[in-house]
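Heads up, the thing below is written out as structure tokens.
Read the figures in this text as sums done on the coordinates, not as results from a lab. Note that this is a predicted model, so its numbers are computed, not measured. Heads up, the Cβs are rebuilt from the backbone with ideal geometry, glycines too, and the neighbour counts pull from every protein chain shown.
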Amino acid sequence: MIAVSFKRKLKEILIYREKTTFCGRNQSTGLLIQLSINILLIEGSSISKEVIHKVEEVKHYKSRSIMVILDSHHSHDHVLEELRLYSPYIQKGGYLVVFDTVIEDMPKGFFVDKPWDKGNNPKTAVWRFLEENKRFDICHEISAKLSISAALDGYLKCIE
């Protein structure tokens, strides 16, 4: 599996790579060293032309399962643009994982000095994206098995 992430925390990426087994992925997670070989980290603005170009350069991985993890700017418009840009890279059975959907469930004004809030966040972007794109659906199996998560309803499985 290739995991493309826009966050520097490799530990988080590996954890979520393991969690793909909840929705029927039949892959052993192996050792940390084995996992890290299969992960491609691309740093930069996830919606910049430079980053998109880097992703295009590695699309030869298309024959492999791809997971895109989105955890950058948490405004509705930014996350929706990420979903639109990266969804074409995901094949049936692959995942888009959107972090911090929990923002929608927090009280309005909870995030002081941030452009995101209730009504303007990753979860609202997920809802809009799913209205536009019928290739993806929320993988409720993952959310149901997690005791604590900042990404409830953010595990999007490509179903076609």
The stretch 122-160: trypsin sites (Lys or Arg not before Pro) falling in loop per DSSP and having at most 12 other Cβ within 10 Å
LYS134
Whole-Hz Karplus ³J(HN,Hα) for the stretch 83-91, in order, using 6.51 cos²θ - 1.76 cosθ + 1.60 and θ = phi - 60°, x for Gly and Pro?
4, 5, 6, 9, 4, x, 7, 8, 8
In vacuo Debye scattering of the stretch 97-159, one point per C-alpha: log10 I(q)/I(0) at q = 0.16, 0.18 Å⁻¹?
-0.52, -0.64
Taking neighbour counts of Cβ atoms within 10 Å as a proxy for exposure, in what order, fewest first, do LEU41, LEU85, LEU70 appear?
LEU41, LEU85, LEU70
What aspartates and glutamates sit close enough to LYS92 to cross-link, taking a C-alpha to C-alpha distance under 20 Å and skipping anything fewer than 8 places away on the same chain?
GLU18, GLU56, GLU82, GLU131, GLU132, ASP137, GLU141, ASP153, GLU160
Greater than 27 Å separation of Cα atoms is the criterion. Which listed pairs, LYS49/LYS114; LYS123/LYS157; LYS108/LYS157; LYS49/LYS145, meet it?
LYS108/LYS157; LYS49/LYS145
HN-Hα couplings for the stretch 113-127 via Karplus (6.51, -1.76, 1.60; θ = phi - 60°), in whole Hz with x for Gly/Pro, come out as 6, 10, x, 9, 5, 4, x, 9, 6, x, 5, 5, 5, 4, 4
